[in-house]
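Visitor: Have a look at this one before I ask anything.
Just so you know, all these numbers are worked out from the coordinates, no wet-lab data involved. Here the structure is a predicted model, which means the values were calculated and not measured. Don't worry about glycine lacking a Cβ; one is built from the backbone with ideal geometry, like all the others, and counts go over all protein chains shown.
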Amino acid sequence: MPIKDVETEIFTFMNHVAQAYSRRDADAVLALAAPDIIGFGSGPDEKVVGAALMRKSLDRDFSQCDGLSMKFPWMAVRSEGNVAWVAADCTIAATIKNETHTYPGRATAVAKKTDDQWKLVLLHISLPAADQAAGQSYPGVGEKTT
């Protein structure tokens, strides 16, 4: 398959992931994931190994908000054969107690195509270090510019 076709498929696939997450639909997110998915969330305790832990993580996310929106405003995709990897900017807006909080994040993902369907095998969503200044390699060093 030509690279541009894979890129288009993955852009669409990742947007399906974002839409399912935005609907707070754990079943739909898990339908897009391999049973042996691995990954990280932004919290220090958010480690996923397998679909059961992914469901637990999703249920936790969804139970702690009243509304949710996930978008990927920028995405880069590369692929080889039936595997594609993604680096993306990620914006998550969560409504908690009638107040919407917007979190600019990052996402990396690996998807594998089996039986003509892409499935997430790795997903990592994180928030950039808030106290890391532009041009600095380590948080808490140098002046932060906003």
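Visitor: Only bridges with both residues in the range 3-126 count here: give the DSSP antiparallel percent, nearest 5.
Guide: Around 90 percent of the beta bridges assigned by DSSP in the range 3-126 are antiparallel ones.
Visitor: Once the convex hull of the C-alpha atoms of the chain is built, how many Å³ does it hold per residue, rounded to a whole number?
Guide: Measuring per residue, one finds 127 Å³ for the Cα hull of the chain.
Visitor: Same structure, new question: For LYS97, list the aspartates and glutamates whose Cα falls under 18 Å from its own Cα; do not include residues on the same chain fewer than 8 positions away.
Guide: ASP59, ASP61, ASP66
Visitor: How far is helix 3-22 tilted, in degrees, relative to the longest principal axis of the Cα atoms in the chain, given as a value from 0 to 90 rounded to the nearest 10?
Guide: The helix 3-22 is inclined about 60 degrees to the chain.
Visitor: Aspartates and glutamates within cross-link reach of LYS4: Cα-Cα under 13 Å, excluding same-chain residues under 8 positions apart?
Guide: GLU80
Visitor: Estimate the FRET efficiency between GLN64 and LEU127 by the formula 1/(1 + (r/R0)^6), using the beta-carbon distance for r and 22 Å for R0, to the nearest 0.05.
Guide: That pair, GLN64 with LEU127, gives E of 0.90.
Visitor: Now for a different question. Taking the Cα centroid of the range 89-146 and of the range 60-77, what is the distance between the two, rounded to the nearest whole Å?
Guide: About 10 Å separates the Cα centre of the range 89-146 from the one of the range 60-77.
Visitor: Here's another thing I want to ask about it. Under 19 Å Cα to Cα from LYS56, which lysines show up? Leave out anything in the same chain fewer than 8 places away.
Guide: Partners found: LYS47, LYS119.
Visitor: Run the dipole for the chain about the Cα centre, Lys and Arg Cβ at +1, Asp and Glu Cβ at -1, nothing else charged, and hand back the magnitude in debye, nearest 20.
Guide: 80 debye
Visitor: Can you tell me the orientation of helix 51-63 relative to the chain, as the angle in degrees between its alpha-carbon axis and the longest Cα principal axis, to the nearest 10?
Guide: Long axis of 51-63 versus the principal axis of the chain: about 40 degrees.
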